[in-house]
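Every number here is computed from the coordinates shown, using simple stated rules; none is lab data. Since this is a predicted model, take the numbers as computed values, not measurements. All Cβ positions, even for glycine, are placed from backbone atoms using ideal geometry, and neighbour counts span all protein chains on display.
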């Protein structure tokens, strides 16, 4: 593949999924300067990957895989990166706290991102992909998790989000 | 549940990344890799120059042969570094699912740590031992006991301690990585 074709593929993917990539970076990195770097790193990874993308999976699956892997590399390289907890641990910790009122959208988003950052990488990834409206099969394809494991994680994600942001309503 | 999804997806993109940005950053990344490689090769070249000077300047055939072995060992280490750096994240691997990508990255780091003695320490041992023997046999007979004493009370303990510490730290790091790999295998 020549460079022009690689550039064209990248531009198309970035136009379609650019906002989702930025949301991913926001969820992974709290520091504004680091986040800008991460967004750029994700785009560079995506551009490089376009040289070898062979349509064996959908463009969306490929873009999310590349982006999440770049974000995971960033998190792994971060000094003293927090280990993260599993969804069920966050879920149990949340039960004692009970539902809370969220004042504004910004605050809700900040709380959501803090929650994602506290999760272990695979759990955070499932939650992010769920928020991006991918279904269970697509999440399995991106993560490499078995369908059963994805279903369990999505169930926990839904329950956790419902309790934290919708006053106990599940949906 | 749709509310929180809508809220999440309604976030505005603040700074769209341009193709020019991407090209520039990719270029910077390549230059950084080249500079890192250059530093490693320069350090290797300095070490090789020192042992080459030993061959030229130090007396005794065994010391010269030992220095030659050390040069061969350093060349082997440089080749291994080159090979291992080349195996770092390639565009192809970034399209793997997160679990496989993570597992592969961790396994590569673990294997690097587990085998560090084979490719980073062992290659210079024959040279070191030959040089040590050379220092002993090249010394005049009455001085040999003193040379031996010096070697076994200073140099050998120092090298054993440093090597032992490096091996211990690497083994501990490899165990931690294996634990993380096991955790990934459990969720898959």
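Counting, for every residue in A:114-123, the Cβ atoms of other protein chains within 10 Å of its Cβ and taking the mean gives 2.
Residue exposure proxy: B:136, B:56, ordered by other Cβ atoms within 10 angstrom of their Cβ from fewest to most, comes out as B:56, B:136.
Spin-label model, residue B:10 to residue B:100: label points 7 Å out along the Cα-to-beta-carbon direction sit 3.8 nm apart.
Taking the Cα atoms of chain B, the ratio Rg/Rh between the radius of gyration and the Kirkwood radius comes to 1.18.
At an R0 of 30 angstrom, the distance between the Cβ atoms of residue B:76 and residue B:19 translates into a FRET efficiency of 0.10.
Calculated FRET efficiency, residue A:133 to residue B:3, Cβ-Cβ distance, R0 = 22 Å: about 0.95 to the nearest 0.05. Among the residues of A:61-73, the average count of other protein chain beta-carbon atoms within 10 Å of the residue beta-carbon is 4.
What percent does the relative contact order of segment A:3-77 come to when contacts are Cα pairs within less than 8 Å and at least six residues apart?
Details: 45 pairs, mean separation 30.1, N = 75.
With pairs under 8 Å counted, the relative contact order is 40 percent.
Between residue A:54 and residue A:16, the simple spin-label model (points 7 angstrom out along Cα→Cβ) gives 2.0 nm. Packing, as the average of other Cβ atoms within 10 Å across residues, places the peptides A:67-74, B:171-178, B:104-111 in the order A:67-74, B:104-111, B:171-178, highest first. Counting, for every residue in B:10-23, the Cβ atoms of other protein chains within 10 Å of its Cβ and taking the mean gives 6. Size of segment A:3-77: Rg and Dmax of its alpha carbons, in Å, are 11.9, 35.
Axis of helix B:61-86 versus longest Cα principal axis of chain B: the two differ by about 0°, to the nearest ten degrees. With a/c under 1.5 counting as rounded, go ahead and sort the protein assembly as shown into rounded, prolate or oblate using the C-alpha gyration tensor (a ≥ b ≥ c being the square roots of the eigenvalues; past the cut-off, prolate if a/b is larger than b/c, else oblate). Note, shape of the protein assembly as shown comes out prolate.
Between helix B:98-114 and chain B, what is the angle of the helix's C-alpha long axis to the longest principal axis, kept within 0 to 90° and rounded to the nearest 10? Taking Cα atoms only, the helix is inclined about 10 degrees.
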